[in-house]
Amino acid sequence: MTRTYPQAASRWLAMLATAAVIAAVAGQALAQDRYSGDRYADDRYRSPSPQPTAGFAQVDDRAIIQQYNMQGFGDGFERPDPFAPTLSIQQNNVDVARVRRDIDTFSRLSNELYTELDRMRDRLPAVRNRLADVLRLRARSRLLADRVTNYSQLQQYLTDIQGLDRDWRQISYDLRAVRGLDRNAIRLIDELDRANADISTALKIQNPTLDYRQLVLTSAELRAGMSTLRDDIDIELGRLTNARNLLLIANQAQQQAAHFAGLTLEKVSRDELANEFKRFERVWTELETGVRAYNNRYVERSVRRVRDSESRLRELLLIPQEMDTADLIYTTRTLERDVNDFFNKAPLMVLMRLPEASVALPTADQFYGVLENFVDNVERNQTPEDIIDAYGYVEDAYRSFERVFRPINSEDAQVVLNEVEKNMRSLQSAMLIEEPFDRRVAGEIAAELENLSMHLDQDVRRWLSRSRPPYRDQALRDVQNYVANARALHETVVTGGNVRDIKQRADQMWNDWIRVYQHITKCDTSERPYLARTSSRTTPKLVELRTLLQ
């Protein structure tokens with residue numbers, strides 16, 4: 001079958017062919033395997049090996065519980081959430097024994113689910129991104145089952161039971177989106193849904209407990225993103241035909257986003273939030289469709305930010321995600337445009353100097369071909385399974401394309417390659433596919449750990465300047481090492497370090513944290529509550545990162 005490519009692509013493919021002949025005649029030594037070592041170890045180019053890294057400890061929540069229970073530092077439970085609706089109970093309307101049995105059942109089932117998912121993580125790498133959440137849920141439910149023994153304790157831990165409901169609903173939502181779960185895992189998810197419903201019924205919890213804090217933050221991001229998009233449309237497209245109509249639609253979407261953000265602060269019910277969010281989506285769909293026709297990079301970046309916030313809000317509101325075929329086609333066409341742009345900005349002589357110049361032509365040809373085949377599958381309304389199968393070829397071809405062309409010595413071309421990489425991630429996201437190792441999530445965790453380490457360092461120095469215990473110098477050295485390793489971990493993740501190196505950094509961070517923790521629990525000054533708060537956030541984040549890397 002003969003493929004038809006855009007004119008720019010055809011011209012550059014022909015020039016690449018000429019360049020390959022010239023290179024062969026000149027007898028240039030091409031390093032065919034130069035990038036077959038560490039580069040292929042990077043998870044961006046292949047899935048992490050199912051074999052666990054030697055010396056990387058298996059995560060177990062016994063260690064978490066032990067840390068939580070030490071000297072009142074971060075007891076694993078929540079403090080009252082100012083964003084969440086208040087839950088009140090009456091002693092004569094609650095059967096405490098029943099609530100405890102229901103929590104105990106939930107704890108047992110969460111343990112079985114974690115064991116089942118842990119068994120599946122090598123066969124189905126997407127579950128790795130959920131293991132930390134289930135592990136944290138298992139630890140919390142076990143602690144609640146042990147501590148809620150009478151009405152007074154039930155009142156004390158109401159906020160945490162609400163948190164259990166909130167976290168499980170989100171985990172259940174996320175796990176049901178993972179393709180390939182076996183029947184036993186699905187059965188356990190169903191049973192946990194029922195156990196959670198039993199707890200809610202016993203406590204008269206009528207509405208699903210949402211993560212209102214994240215709803216407030218993400219709706220604020222949506223509102224800010226819409227404001228930026230509206231300005232970009234005005235500046236970039238203002239004088240073009242129909243742009244004024246787009247501005248009217250953008251104003252409507254911005255106002256609805258602001259209205260929705262206000263409702264999250266008012267803590268209205270999930271149903272009301274979902275209805276108002278769907279109002280926003282109807283206007284947003286019309287705006288996004290109109291904006292795409294202009295093919296403007298600045299506007300597209302703002303659209304991408306709004307779309308990310310929209311997707312996150314759907315998750316927080318527990319609205320099922322759906323594969324958008326129009327979005328798939330648009331993102332694929334954008335990829336093709338970026339590839340054409342890459343060849344327009346890559347000088348021929350620079351392409352000739354690529355380490356793998358001899359395979360540049362077939363590599364580019366293959367990438368164009370699989371992109372066209374993918375669009376064809378989507379336009380023919382193939383099943384999601386067929387579309388995902390076709391995407392597998394796109395992903396394989398992209399890895400080859402990235403390997404061959406990424407070493408190019410051209411700053412402009414590198415910028416376009418970065419856009420290609422972003423659009424590949426957007427395509428993957430639009431297909432609801434999760435990576436075995438989510439580098440974006442790992443980067444967010446590493447950034448938070450580094451930020452927490454700096455707060456820790458400041459509070460420890462203030463504490464030790466006022467109270468000079470005999471272990472002062474050792475404590476300062478341990479904290480200094482911890483801060484340095486937190487920085488190194490963050491840099492390793494962000495700069496594209498391979499998974500093996502990130503695992504080693506995370507393992508070192510955990511060992512450093514245990515030493516630091518032993519020091520800060522001895523604090524006897526006014527810094528103690530600040531250190532405790534930092535501790536209660538640090539331990540779960542370290543566990544989350546380690547679980548993500550298993």
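Results, tabulated for the structure shown:
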{"quantity": "Unsatisfied cross-links (Cα-Cα over 29 Å) in the set Lys422/Lys503; Lys267/Lys522; Lys345/Lys503", "calculated": "Lys267/Lys522; Lys345/Lys503"}
{"quantity": "Neighbour-count order for Arg380, Arg337, fewest beta carbons within 10 angstrom listed first", "calculated": "Arg380, Arg337"}
{"quantity": "Virtual paramagnetic centre 7 Å along Cα→Cβ of Leu476, amide N under 20 Å, in segment 521-535", "calculated": "521-528, 531"}
{"quantity": "Rg in Å to one decimal, and Dmax rounded to a whole Å, for segment 412-528 via C-alpha atoms", "calculated": "18.8, 58"}
{"quantity": "Gained length - Glu411 relative to Gln155, 0.36 nm times residue gap less alpha-carbon distance", "calculated": "86.1 nm"}
{"quantity": "Gain upon complete extension [Arg353, Leu248; 0.36 nm per residue less C-alpha separation]", "calculated": "32.8 nm"}
{"quantity": "Full-stretch length increase - Arg282, Ile186 - with 0.36 nm per residue and alpha-carbon distance subtracted", "calculated": "31.3 nm"}
{"quantity": "Which of Val178, Leu143, Ala126, positive extreme of dipole for segment 79-202 (C-beta unit charges)", "calculated": "Ala126"}
{"quantity": "Enclosed volume per residue, in Å³, of the convex hull spanned by Cα atoms of segment 79-202", "calculated": "99"}
{"quantity": "Estimated distance in nm for a label pair at Gln382 and Thr115, the labels positioned 7 Å out from Cα along Cα-to-Cβ", "calculated": "4.1"}
{"quantity": "Sorted by Cβ neighbour density within 10 Å, fewest at the top, the residues Arg282, Arg307", "calculated": "Arg282, Arg307"}
{"quantity": "Estimated dipole of segment 212-316 in Debye, rounded to 20 [Cβ of Lys and Arg +1, of Asp and Glu -1, Cα centre]", "calculated": "120"}
{"quantity": "Per-residue Cβ neighbour rank within 10 angstrom, fewest leading, Val148, Val441, Val460", "calculated": "Val441, Val148, Val460"}
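Any read-out appearing in this document is the output of simple, stated calculations on the displayed coordinates, not a laboratory observation. Remember, it's a predicted structure, so these values are computed and weren't measured experimentally. Every residue, glycine among them, receives a Cβ derived from its backbone with ideal geometry; neighbour counts consider all protein chains shown.
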